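Participant: Starting off with a structure, shown below.
The values are calculated or read from the model by the stated rules, or taken from the named source; none is laboratory data. Just so we're clear, the structure is a prediction, and the values are computed from it rather than from any experiment. Backbone-built Cβ (ideal geometry, glycine too); neighbour counts: all protein chains shown. Protein only, heavy atoms only, side chains kept; ligands, DNA and RNA dropped before computing areas. Shrake-Rupley method; radii C 1.70, N 1.55, O 1.52, S 1.80 Å.
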Amino acid sequence: MFEKWLDLGLKKGISDLEIFATQSKGLKLSLYQGKIDQNVLSDVSSVTIRGVYDDKLSRVHFENLSDENAEKYLDALIENAKALTVKEPAIIYEGSPSYPEIDETPFDFDSVPMLDKINLVKNLEAKILENEFVSQVQTTVYQESYSKTVLVNSKGLNLEKENTFAYCYASGVFQKDEDIKTAMDIKIAKKFSDFDVDAMAAKTIKEGISKLGGKTIKSGSYPVVFRNDIFSSVLGAYLSVFTGESAYRDLSQLKDKVGEQIAVSNFNLVDDPLSDKALFKTPFDDEGVACKKRYLIKDGKFEGFMHNLKTAAIFKEEPTGNGFRGSIGPSNLIVEPGEVSFDTLIKDISEGVFITDVVGLHAGVNAVSGEFSLQAGGFMIKDGKVDFPIKMIVVSGNFFKMIKSIEGFDNQLEFDTSSIGSPNVYIKSLMIGGE
């Protein structure tokens, strides 16, 4: 089938043609008060064709690749190209010299009986409800995903990859007198046996109870420690500044700063598609470029932007294997951890803030200027120990200044759901708005 599309496209005057086809299957179970209120199965195929016509690159996205639709969608691609007025590099990739091999067999979640999945969410809800401070569990969710990608083009490229994972969480409502908080812990698993109901419930309960009895604090400048998942989220809000697209459009302060010191000397930020510590391994990007380990920041110095084929051509650099979903992004972005424990990281902080929640990452962040102002919650650090919970605060600062004032990292590397990994990170000083 692919050959017919490629042959027909070339006959129509498309100089280079690429077919990117994905098959996605999923299951979602949702439980409330012991009863399944959602049981959704999905099986979706989608296709994106990209082609170069009259030296312009256009694309068409649709579902279900079938021979009977070839004429229709190839004509649409040509018409789209004719309508383009911007002259930018139009490239269909001939392939990398080699591709990394992924020595990993995706787990077949379909092999797990449905009853086991239902019992997982039922048992998780029941375990959390056993705690005296839990008034209810708002929802308990189990979701699994399988995807297979095939990438072929008229230059002879023929690649394939597949991935599968599942996640589960329960959102508990915790109450003590008039104080009400919610908490959940998302467990991402590569195989079903990774789910441990007792551990998942215990972590959610610990998180919820720890938030109760929160106090406000006085406004001022404090040493701040971001919990690993929170620093990952903040870093994720600034990903665009590390892309060639932002540099090309003058939307990144890092433009023309390759080789310059932009952070403390022990800050290392690496995109590692094959990391054994990460949840997923990625052999190639969506344009067919081989992925490889590459530092964005090494010993505090900016090493260069992430590129797709277009921006690499604009900057006359090699593509970096970061062309994903029509945009530019990392595969596994990792803030390299330190060697000390969390207790050692905070032992010299006499009065500081440990941030475990932030709200408004989209509205409160300006990626161009670096400024951020975020509603937050967490804990007071007193004399080197995590003390009482705090609430109703706002943490503000500037991302580019912040990474120059990092005091240290602990050894607790954790990944969030977007494949960004970070340890807990100690910042010398940030403004905290409180009372």
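Participant: Is segment 414-423 home to any residue that is in contact with a Gly (Cβ under 7 Å, 6 or more places away or on another chain), in contact (Cβ under 8 Å) with a residue 40 or more places away in the chain and not in a strand (DSSP E or B)?
Facilitator: Yes, segment 414-423 has at least one match.
Participant: Still on this structure, I have one more. Would you confirm whether any residue within segment 239-259 is open to solvent by 40 Å² or more (accessible area, probe 1.4 Å) and closer than 19 Å to F409 by Cα?
Facilitator: For segment 239-259, residues open to solvent by 40 Å² or more (accessible area, probe 1.4 Å) and closer than 19 Å to F409 by Cα: absent.
Participant: For segment 134-146, give me each residue that is open to solvent by 40 Å² or more (accessible area, probe 1.4 Å) and either more than 13 Å from K28 (Cα to Cα) or not small (G, A, S) (or both).
Facilitator: Those that are open to solvent by 40 Å² or more (accessible area, probe 1.4 Å) and either more than 13 Å from K28 (Cα to Cα) or not small (G, A, S) (or both): S135, Q136, Q138, Q143, Y146.
Participant: Let me ask another. Give all pairs with beta carbons closer than 9 Å in which a residue from segment 261-275 that is assigned to a loop (DSSP other than H, G, I, E, B) meets a residue that is of a type in the set (D, E, K, R) and open to solvent by less than 30 Å² (accessible area, probe 1.4 Å); count only pairs at least 6 apart in sequence or on separate chains.
Facilitator: Taking only residues 6 or more apart or on different chains, the pairs are P273/D285.
Participant: Also, I was wondering about something else. If I ask for residues that are assigned to a helix (DSSP H, G or I), open to solvent by 90 Å² or more (accessible area, probe 1.4 Å) and out of contact with any helix residue (DSSP H, G or I) (no Cβ under 8 Å at 6 or more places or on another chain), which ones from segment 66-90 would you list?
Facilitator: E68, K72, E79, K82
Participant: Could you grab me the full set of residues in segment 338-363 that are closer than 24 Å to Y238 by Cα and among the polar types (S, T, N, Q)?
Facilitator: If the condition is that a residue be closer than 24 Å to Y238 by Cα and among the polar types (S, T, N, Q), then T356 is the only one that fits.
Participant: Looking only at segment 290-327, filter to residues that are of a type in the set (F, W, Y) and in a loop (DSSP other than H, G, I, E, B); which one of those is most open to solvent (accessible area, probe 1.4 Å)?
Facilitator: Applying the filter and picking the extreme gives F315.
Participant: Would you confirm, using the coordinates I've provided, whether G321 is within 17 Å of the chain's Cα centre (by Cα) and over 30 Å from K293 (Cβ atoms)?
Facilitator: no
Participant: Name the single residue that is farthest from L27 (Cα to Cα) among those in segment 97-116 being assigned to a loop (DSSP other than H, G, I, E, B) and open to solvent by 90 Å² or more (accessible area, probe 1.4 Å).
Facilitator: P97
Participant: May I pose another question? Considering segment 193-249 alone, what residues qualify as being of a type in the set (F, W, Y) and either free of Cβ contacts under 8 Å to residues at least 40 places away in the same chain or closer than 30 Å to E88 by Cβ (or both)?
Facilitator: Across segment 193-249, the qualifying residues are Y238, F242, Y248.
Participant: Report whether or not Y93 is in a loop (DSSP other than H, G, I, E, B), on the phi < 0 side of the Ramachandran plot and surrounded by 15 or more Cβ atoms within 10 Å (Cβ to Cβ).
Facilitator: Judged against the criteria, Y93 is a match.
Participant: Would you mind finding the one in N123, N119, N131 that is within 21 Å of A170 (Cβ to Cβ), open to solvent by less than 70 Å² (accessible area, probe 1.4 Å) and part of a helix (DSSP H, G or I)?
Facilitator: Within the list N123, N119, N131, the selection yields N119.
Rundown of residues vs (1) at pLDDT 95 or above; (2) surrounded by fewer than 17 Cβ atoms within 10 Å (Cβ to Cβ); (3) of a type in the set (A, V, I, L, M), yes/no style:
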position: L159; (1), (2), (3): yes, no, yes
position: K176; (1), (2), (3): no, yes, no
position: I186; (1), (2), (3): no, yes, yes
position: A202; (1), (2), (3): yes, yes, yes
position: K215; (1), (2), (3): no, yes, no
position: P223; (1), (2), (3): yes, no, no
position: S232; (1), (2), (3): yes, no, no
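Participant: Could you list all residues from segment 56-65 that are open to solvent by 100 Å² or more (accessible area, probe 1.4 Å) and either at pLDDT 95 or above or closer than 16 Å to L6 by Cα (or both)?
Facilitator: R59, H61 - these are the residues of segment 56-65 that are open to solvent by 100 Å² or more (accessible area, probe 1.4 Å) and either at pLDDT 95 or above or closer than 16 Å to L6 by Cα (or both).
Participant: Being closer than 19 Å to S373 by Cβ and either of a type in the set (D, E) or not in a strand (DSSP E or B) (or both) is the filter here; which residues of segment 424-435 pass it?
Facilitator: G434, E435
Participant: Just one of T48, T22 is among the β-branched types (V, I, T), open to solvent by less than 40 Å² (accessible area, probe 1.4 Å) and under 19 Å from F165 (Cβ atoms); which is it?
Facilitator: T22
Participant: Here are some conditions: (1) at negative phi; (2) at pLDDT 95 or above. D383 meets all but one. Which one does it not meet?
Facilitator: (1)
Participant: Looking at the structure I just gave you, is G421 closer than 23 Å to T344 by Cα, modelled with pLDDT of 95 or more, out of contact with any His (no Cβ under 9 Å at 6 or more places or on another chain) and open to solvent by less than 50 Å² (accessible area, probe 1.4 Å)?
Facilitator: Here the answer is yes, as G421 does meet what is asked.
Participant: Among the residues of segment 177-224, what is the count of those that are closer than 29 Å to D116 by Cα and in contact with a Gly (Cβ under 8 Å, 6 or more places away or on another chain)?
Facilitator: 6
Participant: I need every pair where a residue in segment 104-133 that is within 30 Å of E160 (Cα to Cα) has its Cβ under 9 Å from the Cβ of a residue that is part of a loop (DSSP other than H, G, I, E, B), sequence separation at least 6 or different chains.
Facilitator: Between residues of segment 104-133 that are within 30 Å of E160 (Cα to Cα) and residues that are part of a loop (DSSP other than H, G, I, E, B), the close pairs are E104/K190; E104/K281; P106/K190; F107/K190; F107/K191; F109/K191.
Participant: Of the conditions (1) more than 23 Å from the chain's Cα centre (by Cα); (2) farther than 21 Å from V353 by Cβ, L239 satisfies every one except a single condition; which number is it?
Facilitator: The one condition L239 does not meet is (1).
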